1. Fully extended, how many nm does the chain gain between Tyr141 and Glu693 (0.36 nm per residue separation, minus their Cα-Cα distance)?
2. Which part of the range 298-335 falls in the paramagnetic zone of Arg571, meaning amide N under 16 Å from the point 7 Å along Cα-to-beta-carbon?
3. Just how much of Asp401 is accessible, in Å², when a 1.4 Å probe is used and the result is rounded to the nearest 10?
4. Rounded to whole Hz and in sequence order, give me ³J(HN,Hα) for the range 710-715 from the Karplus expression 6.51 cos²θ - 1.76 cosθ + 1.60, θ = phi - 60°, writing x for Gly and Pro.
5. Can you give the relative contact order of the range 704-853 as a percent, counting alpha carbon pairs under 8 Å and 6+ residues apart?
6. Suppose all protein chains stay in the model; what accessible area per residue would a 1.4 Å probe give for the chain, in Å²?
7. What is the helix-to-structure angle for 176-186, meaning the angle in degrees between its Cα long axis and the longest Cα principal axis of the chain, kept from 0 to 90 and rounded to the nearest 10?
8. What figure in square angstrom, to the nearest 10, would you give for the accessible area of Trp358 with a 1.4 Å probe?
Amino acid sequence: MAPRVTYRVQFHPGFTFEDAAAVVPYLEALGVSHLYCSPYLQAAPGSTHGYDVVDPRTLNHELGGAPGHAHLTGVLRAAGMGQVLDIVPNHMAVDATNRWWWDVLENGPSSRHARVFDIDWEGGDGKSTTTVLVPILGDQYGRVLEAGDLRLERLGAAFRLRYHEHVLPLAPRSLEDVLGPAARRCGSAELATSADGFGALPHAARTDARAVRERRTRIDELVQELSSLCEASSVAEAIDAELEAIHADPDRLDDLLQRQNYRIAHWRTASEELDYRRFFNIDTLVGVRVEEPEVFDATHELILALVRDGTVDGLRIDHVDGLRDPEHYLRELADATDGCWTVVEKILEPAESLPASWPVAGTSGYDFLIRVNNLFVESANEAAMTECYAAFAGERLVYDDVVHVAKHQIMAVELAAEVDRLTGILAGVCDGHRRHRDHTRRELRDALREYVAAFPVYRSYVTTTRAADGADRAHIAAAVAGARERRPDVDGELLTFIGQLATGDVPGDGEHDFAVRLQQLTAPVTAKGVEDTAFYRYHRLISLNEVGGDPSVFGSTAADFHRATVTTVERWPTTMLALSTHDTKRSADVRARLNVLSEMPVPWSEAVRRWAELNERHRHDGWPDRNTEYLLYQTAIGAWPIDVERLVGFMAKATRESKTHTSWMDPVTEYDEAVERFVRAIMSDHRFVSDVEIFLAEHRLVERGRRNSLAQTALLLTCPGVPDVYQGSELWDLSLVDPDNRRPVDHELRRRLLDELPNRPPGLLATDDVGVEKLRLIHRVLDHRRARPDAFDASRYEPLDAGDGVVAFSRGELAVVARTRTGAHTDGAVELPAGAWVDLLTGGRVDGGRQDLQTVLGGLPVSVLAQEGS
């Protein structure tokens, strides 16, 4: 059964199960039915988000562990509320506290947990055969070793390697290099026997089940024997002395490290030589092979238990596109949970649909977010806003070209290892097809990159048992055509062959493996190239630069909105709806204000030119560039009033994500410092600050943004689907991208304001600096949803004729009229269904039939009407 409405909270050591339990009475009073929880299985120490899981079998002890979770569950049940849990099937954290990963580093392919992780044990360069790359060093391996920064440690009978905060296990077989000389040092025959025993262990390359079991049993026996031996001070002292001798001899230490089941290396090698699938470009998150039945069972044991005992009522699947076969996984999950309400984090590009065969309720809401946001952008002013941006930035950027360049940069730098690995698979495939056997690696890599850069969506969904469907074939054909057009110098027949492989039409194990792996490459390239690069380079109107959005699409019509919503009703009636999430680039309220700029291109153009002249004296050596400056002014306007530290933090992240003049991998200190100095200087410049505030006041931007906010919030709460309220957004929320949008939420203030609502008369939006009117709207609509859930029947949705700048619809006993342009005419009319209606927000009454907008809205940007008597 679908939740009525969810409230998303972000767990971390500063917001625990106990803290969430304290918020439950407020949420119940607000009208929420389910607490929507960020991942709360055991994560890496100090995790601020929970997506870096280290033990999926345990509740996070930093959040309160099992006792704290049981308390939260009890409080929720007493309030008649449930839980929706965000789960992470795609990856786990590479951390010393991850015992599965530790065992893999210790035992290599022969580890009991080696099949959990998506590791390429074979390698392709001779360096990584039966080892896994661990890119943690701050300098070249030899320099770090010779500088003495690598230290061996002993804890009883356990040995490990330390590099600053990083610790790694030693392979059991390699301990003979320590224990043998130590035995001679102290004259212990027993220790010598122990050393021989470790050295005689089966090689880590032996992966048959019997060898793995026998090896594990023998290791346990040897460790226990060694532990007893170390109780003798002479033995322990000899071993410690031998460790110091190895530290003093770089050659001996190097020899020992060459025997490990991992290769430590400079952190930069990850981008080109990493031999495990990661989450995007994050080396510390390793891909999980959840498609393997035993891995699914091991990683979902606790999750399934929580669902089966009724603790968890719904699931949100993180990064479903990272999985090898999303549909297979979702079917396994649906079977194991008996069809529990489940939504997926799936980023749909414009005109893309969620695969109809997936057994889920829908997405986590980004498609709805974009659908609503585009309503509030004035399409008629696209040319004027484009000209303003081009004139200020000094170049005419075409968004598609920005994306293409960004994808190529990601493939050439941050995801080069993934591209090279797939190129190797493609080379192997081509060796079996005579028309493509003579292509060089460079030719294959070029063709592959062009195909991926041109791929129009995140991925296709071809498997060894499922050929491409119509949508997949259309996307693959578009990628081949796009690559041909941009690179006529690349062999067109080779591009066509890649397309044929991608559809799954070419038989063969290697061919099918290439098709599947290709899909796991297009997704991260799109995510990193678009969301985390192009969105920080193209700034025509940054409210459009949102996850799942297309900044080249400048607004949409009410008719577009209705068509998409009708499709939702038909296919995904209980999908999740969202306006803000933990991953949005800007909160809904920031976007609501920025969208007003689309209604006033001339004043906006004049303002940014004026500000640039005012602030010219604060620039250093021409920095920041005009494109970055344009982003800065929009950000300041959208989040005003904003303190300088938040603005400095955002601009530092934005410029590094852009990867144009600086980046996370290669920070350019001079540029970074110039941008920070500029931000601090203009924010302390009275003339600039005063001019910004005059601009905001003259054009009523704050009030108009709030009007947009109320209208879009009403749509969130009344459209077909399950609305989610992101933590803190029930008041005005002018947050920017994470970590800004994960700041502590003052729930005590919200509870107090909610309690005061009955005695607080409606106020003016211009002076409501907290967001009481937004809280009032949310409470009254959610209260009605609770009292009359039938009025929100997911199968009922009827568009109403309301004219330009207004979106209106009815849902049987409910009707909604929302103004989507703050400057739209107020002399229009709307055709309401027959009957008498009561406004949930004002208590006013209006009859059905054709009514003028002024009568229906009564000065507010939205009216939520319930049939009288309902």
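The values are calculated or read from the model by the stated rules, or taken from the named source; none is laboratory data. Worth saying up front: this structure is predicted, and the values here are computed from it rather than measured. Positions of Cβ are generated from backbone atoms using ideal geometry, with glycine treated the same way; all protein chains shown enter the neighbour counts. Just the protein is used for accessible areas: all its heavy atoms, side chains included, with ligands, DNA and RNA removed. Shrake-Rupley method; radii C 1.70, N 1.55, O 1.52, S 1.80 Å.
1. Additional length available on full extension: 193.3 nm.
2. Under cut-off, by backbone N: 327.
3. About 70 Å², ignoring ligands and nucleic acids.
4. For the range 710-715, the Karplus-derived couplings read 5, 5, 6, 5, 4, 5 Hz, x marking Gly and Pro.
5. Answer for the range 704-853 is 22 percent.
6. Values: 32900 Å² over 870 residues.
In whole numbers, the chain has 38 Å² accessible per residue.
7. The two axes meet at around 50 degrees.
8. Per-residue accessible area (Trp358): approximately 10 Å².
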